[in-house]
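No value in this document is a laboratory result; all are computed from the given coordinates. Predicted, not measured: the structure shown is a model, and the values here were computed from it. In this analysis, Cβ positions are derived from the backbone assuming ideal geometry, glycine residues included, and neighbour counts consider all displayed protein chains.
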Amino acid sequence: MSSPLLQTQGAVAADAPDQDIALHYGEPAQEQRALEAGTAFVDRSNRGVVTVTGPDRLSWLHSLLSQHLTALAPHTPTQALLLDANGRIEHHLHLLDDGATVWAHVETGTAPALAAFLDRMRFMLRVEVADVSDAYAVVTGPPRGELTFPDVAGLTTSIIPRADLPALAAELRPAGMWAYEALRVAAHVPRLNLDTDARAIPHEMGWIEDAVHLNKGCYRGQETVARVHNLGRPPRRLTFLHLDGSVDRLPAPGDPVEIPGGRAVGVVGSAARHHELGPIALALVKRNVPVDAELLAGGVAASQEVIVSPDTGANAQIALRRQPANRG
């Protein structure tokens, strides 16, 4: 569903998967500053919104998702993952219970599949699942209403009636996804389906602390989470890249990350231009890549900043591995 704000003067549509909302409205750097200052908002209405109602909603979701939800207090936002049987990430949910309904905003394009899966799992429990993305929109900026979630850089994400979008744009300056994505990448926050692939597991993405409760009961994929936490290491790790600012392009999602000389060690996820940091990116690389190795991301020179330690998991005492000193 294309956002009505794409009709705003100066609006430029974003690339997939965000083609239904604006990349910017003509002044991307100024929009970033206004967003950080709390005087702008980002239309993220391409995200999905799913609701779960009924007296069994929290205990039921607790049994399916990675987060502890049975005692979730009203208006306490949290995150959760839906994993497959092998512990791979299928859905990333931002959740809030208002006392009668659990509201979840999820990655663009994923709400229909999530709602269909949840609906199949109801059995005889007293729950109802609905994809309400047509009626509600996700926006990020100053808080709006009661359905609010913390977001990057001190921002707040809110679920509002979709019909309220034009009135909000008349009240606050709209900022595009260029602005939001730059702040998100700078905050080291991964995004499902841009920074993950079909094999991604929670430890690799740094979602263990935010979206996984390590001491709860059984849920699908828990065995992998517990095994990596107690015994093993994830095969890959999310890393933050400072890109060469002299290059006039950004690497694209899926571009190879290489050790100079041509050996591929990972893939680029999100890339953005930050108004202070310059060009930046997130990448998923092999765990054993030294944390100080200089890399090429889609052919662009890049240095790393650690997000997920190569020694995460196995209750390890973390000591970052660096390249051996040149003794030549």
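A few remarks follow.
- Footprinting exposure proxy for V152, V12, V185 (fewest neighbouring C-beta atoms within 10 Å first): V12, V152, V185
- Relative contact order, whole percent, for the range 160-259 stands at 28, derived from Cα pairs under 8 Å and 6 or more residues apart.
- Global geometry of the range 48-131, whether rounded, prolate or oblate, following the gyration tensor of its Cα atoms and the 1.5 cut on a/c: rounded
- Between the amide H of A13 and those of L23, distances stay under 5 Å, these residues lying 5 or more places away or on another chain, with hydrogens modeled in the peptide plane.
- The chain: calculated mean residue ellipticity at 222 nm from DSSP helix runs of at least 4, using -39500 (n - 2.57): -5000 deg cm²/dmol
- Note that the range 190-205 has calculated 3J(HN,Hα) couplings of x, 10, 4, 6, 9, 9, 10, 10, 5, 9, 5, 10, x, 4, 5, 9 Hz, one per residue in order, obtained from phi through the Karplus relation 6.51 cos²θ - 1.76 cosθ + 1.60 (θ = phi - 60°); glycine and proline are x.
- Whether the range 60-203 is rounded, prolate or oblate, judged on the alpha carbon gyration tensor where a/c under 1.5 counts as rounded: oblate
- Between amide H atoms placed 1.01 Å from N, distances below 5 Å from H274 occur with I280, all of them 5 or more places distant or on a separate chain.
- ³J(HN,Hα) computed for each position of the range 104-109 - Karplus, 6.51 cos²θ - 1.76 cosθ + 1.60, integer Hz, glycine/proline x: 9, 9, 9, 4, 3, x
- For the chain: rounded, prolate or oblate by the Cα gyration tensor [a/c cutoff 1.5]: oblate
- Rg to Rh, two decimals, where the range 96-145 supplies the alpha carbon set and Rh follows Kirkwood: 1.00
- Neighbourhood net charge (10 Å Cβ-Cβ; Lys/Arg +1, Asp/Glu -1) for H75: -3
- Interchain or long-range residues, amide H under 5 Å from G221's placed H: G87
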